[in-house]
Structure formats: C-alpha cells, structure tokens
Amino acid sequence: MENYRHLLRDFEEGLLAEMLEKGRIMDVEAGQTLLQSGQPIRNTMIVLEGLVKLFRENDEDGSEFFMYHLHPGDGCALSMICDKTFRASSVTARTVTDSKLLVIPVEHTENWMRNYRTWYYFVVRTYRRRYEELLETIDHIAFQNMDVRLEFYLRRHSQALGTKVLEITNTQIAQELNSSREVISRLMKKLSDAGKVRLLKNGIELLKL
C-alpha cells in the first residue's frame, strides 16, 4: 500500500489501516470484466494502476454504450454506496489495460460513511465528477450529430489512454456510440480525408483532433 499512498493521501491513518485490513489488492489483466450488469454488487474498488471502462449494455442486441473511465485514484461511484441487500449493478466495468485494484467488501464502506469524513468527501467528489462526465456525454448524444460525437469519443479515449494511437475497431466504436459499423466507417473515412486521423491496420492515429 505504501507505493500508492500518493493516491490515497486525503484519507486519515485510521481509514488507511482499515482499507489495508479489510480490502485486498488484485492484479487484473486487460479485457477482464470486473462487474457485470445485473450482477449483485458485493465489492467496491479503487484503481491503483491501469484504466477501467464503465459502460451500459443493451440486453436486446448486446450493444454497449460507453459512460466513463476510471483512472488511478478513482473509485467506482456505483458501488461506493450500496445497502446490505447487495443491489444489482446497472453497468458493466472492464479493464482497458493491465490494472491493479484495491477491492473492498461493501459492508465496510457503509460504516466508513459514518466514521470517516475523508471517505464521505471522497464519495461525494466521486459522484460529482461522474455526474459531470455523464452530463457531458448526454449533451453530445442529445444535441450533437454523430460526426461531432465521434470526435468527442476519440479525444476522450486518447486522453484516457495517454496516446494518439487507439487500437480499436469501427465495430467497437459503433457499439459504444449506439451506431452502425457502416456509419462509423464512413465518418472515419471523412476524418481521414480531412487529415484529422490516420487509419491504421489495427487502429486509428489521431492527428488534428
């Protein structure tokens, strides 16, 4: 835990001690599902290394709608406040890169809300940040055309991964934007012709986005 104290510096010593006692650190490979839609929430998590993606799944056609990323120091807002009935998750969480997570059973976090002000403030900040990110996403869905939404999506993923080269297919993008592969392919060709992206064999390079 000492290696990650800079990520948890806002927490008091008593809370850090409980985190170490009650939680466990897990190494998870890229592409692993951490939380499945409809699955009971029994643990919350704080990302120590790597990147985690949260998205909604459509039960009818299996399509995915990207919501936001979790970076080192971020917690999963959905699972931070969960009562003893272990409510089912409404989202899916999956690792984008190899990740290291602090996993904590949710029965402990209920007590932390009462006993530790730093945990309370961490939860409030987390919810506020996710709410603002969701509003930004909703604004693009409601008020922007698909070409603008696509550019927003590419910029957001580039910033999250810290790279201009995205190893992602048009089919994956279409799933997360609730569009079709044909529409995304056409728009990607348009961005390429405009010199904004370079289409690679196994991905996309952002040039002027």
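The values are calculated or read from the model by the stated rules, or taken from the named source; none is laboratory data. Since the model is a prediction, treat every value here as computed from it, not as a measurement. Every residue, glycine as well, gets a Cβ built from its backbone with ideal geometry; the counts of neighbours run over all protein chains shown. Side chains included, ligands, DNA and RNA excluded: accessible areas come from the protein's heavy atoms. Shrake-Rupley method; radii C 1.70, N 1.55, O 1.52, S 1.80 Å.
Using 0.36 nm per residue of separation minus the Cα-Cα distance, give me the extension gain between Arg186 and Asp98 in nm, one decimal.
Values: separation 88, 0.36 × 88 = 31.68 nm, distance 3.20 nm.
My answer for the length gained is 28.5 nm.
Check Thr97: other-chain or 5+ apart residues with amide H under 5 Å from its amide H, H built from backbone geometry?
Counting only residues 5 or more places away or on other chains, the set is Gly31, Leu51.
Cα-Cα over 28 Å: which of Lys100/Lys196; Lys53/Lys189; Lys164/Lys190; Lys100/Lys201; Lys100/Lys190? Walk me through the intermediate numbers first.
Values: Lys100/Lys196 34 Å; Lys53/Lys189 26 Å; Lys164/Lys190 18 Å; Lys100/Lys201 30 Å; Lys100/Lys190 38 Å.
In this structure, Lys100/Lys196; Lys100/Lys201; Lys100/Lys190 lie more than 28 Å apart at Cα.
Highest mean first, what order results for 160-173, 127-140, 37-50 on Cβ atoms within 10 Å?
Values: 160-173: 15.4, 127-140: 13.6, 37-50: 18.2.
Most protected by this proxy first, the peptides run 37-50, 160-173, 127-140.
Taking the Cα-to-Cβ direction at Gln172 and at Arg87 and moving 7 Å from each Cα, how far apart do the two end points lie in nm?
Placing both labels 7 Å beyond Cα along the Cβ direction yields 3.1 nm.
For an R0 of 45 angstrom, estimate the FRET efficiency from the Cβ-Cβ distance between Gln159 and Glu12 and round to the nearest 0.05. Let's see the in-between values first.
Working: r = 32 Å, r/R0 = 0.70.
Approximately 0.90, to the nearest 0.05.
What accessible area per residue comes out for the chain, rounded to a whole number of Å², with a 1.4 Å probe?
Roughly 55 Å² per residue, with all protein chains present.
At a 1.4 Å probe, what is the % contribution of carbon and sulfur to the accessible area of the stretch 13-58?
Values: 970 of 2320 Å².
That share works out to 42 percent.
Can you match P(r) over Cα pairs in 10 Å bins from 0, in percent to one of these, (i) 8, 37, 38, 15, 1; (ii) 8, 32, 33, 19, 8, 1; (iii) 8, 28, 29, 16, 12, 6, 2, based on a calculation from the structure here?
Answer label, from the structure shown: (ii).
Quote the charge dipole size of the chain about the Cα centre in Debye, to the nearest 20; the model charges only the Cβ of Lys and Arg (+1) and of Asp and Glu (-1).
Working: 29 positive and 30 negative charges, 106 e Å.
Its charge dipole is roughly 500 debye.
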